[in-house]
1. Using the Cα atoms as the points, what is the convex hull volume per residue of the chain in Å³?
2. What number comes out for accessible area per residue over the chain if the probe is 1.4 Å? Units Å², please.
3. Using the Karplus curve 6.51 cos²θ - 1.76 cosθ + 1.60 with θ = phi - 60°, what ³J(HN,Hα) values do you get for each residue of region 17-22, in whole Hz, with x for Gly and Pro?
4. Find the lysine pairs in the chain meeting two conditions, Cα atoms under 22 Å apart and a separation of 8 or more places or different chains, and report how many there are.
5. With the full set of protein chains in place, find how many percent of the accessible area of region 55-113 is carbon and sulfur; take the probe as 1.4 Å.
6. For Ser106, what charge total do you get from the other residues with a beta carbon under 14 Å from its beta carbon, if Lys and Arg give +1 and Asp and Glu give -1?
Amino acid sequence: VQLQASGGGLVQAGESLRVSCAASGRTFSNNGMAWFRQAPGKEREFVAAISFNGVSSVYANNVKGRFTISRDNAKKMMYLQMNSLKPEDTANYYCAMKTGRGDGRSRYEYGYWGQGTQVTVSS
């Protein structure tokens, strides 16, 4: 499995950005997916997760209402639409494919990871 995250960049607070994740090598539509992020000096934290068929999703409290996770199984793509960005959203954003059991919030449920894409929000 290969996951390739892209779309990061530098934006100002209040602006929007969409990051994408392209998957290859394994049947994408059979697995839940998620976004995590990691800021310098901090642990990797859960952002959002989506079920294999895109029907259900969960969000971290600090992004709920601002971020939207989605997927297109035909294209083997996952997206994270980020609105009303804040400086504290600055981090390297990683996409991940779920391989273990759980509610989707723990990094240990994910066996495949992309390389990350940097999102920087200036104040």
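1. 91 Å³
2. Value for the chain: 51 Å² per residue.
3. 7, 10, 9, 10, 9, 9
4. On the way: Lys42/Lys64; Lys42/Lys86; Lys64/Lys86; Lys64/Lys98; Lys75/Lys98; Lys76/Lys98.
The number of close lysine pairs in the chain is 6.
5. Here carbon and sulfur together make up 46 percent of the probe-accessible area.
6. Counting the neighbours of Ser106, the net charge comes to +1.
The values are calculated or read from the model by the stated rules, or taken from the named source; none is laboratory data. Keep in mind that what you see is a predicted model, and the values were worked out from it rather than measured. Don't worry about glycine lacking a Cβ; one is built from the backbone with ideal geometry, like all the others, and counts go over all protein chains shown. These area figures cover heavy atoms from the full protein model, side chains too; ligands, DNA and RNA do not enter into them. Shrake-Rupley method; radii C 1.70, N 1.55, O 1.52, S 1.80 Å.
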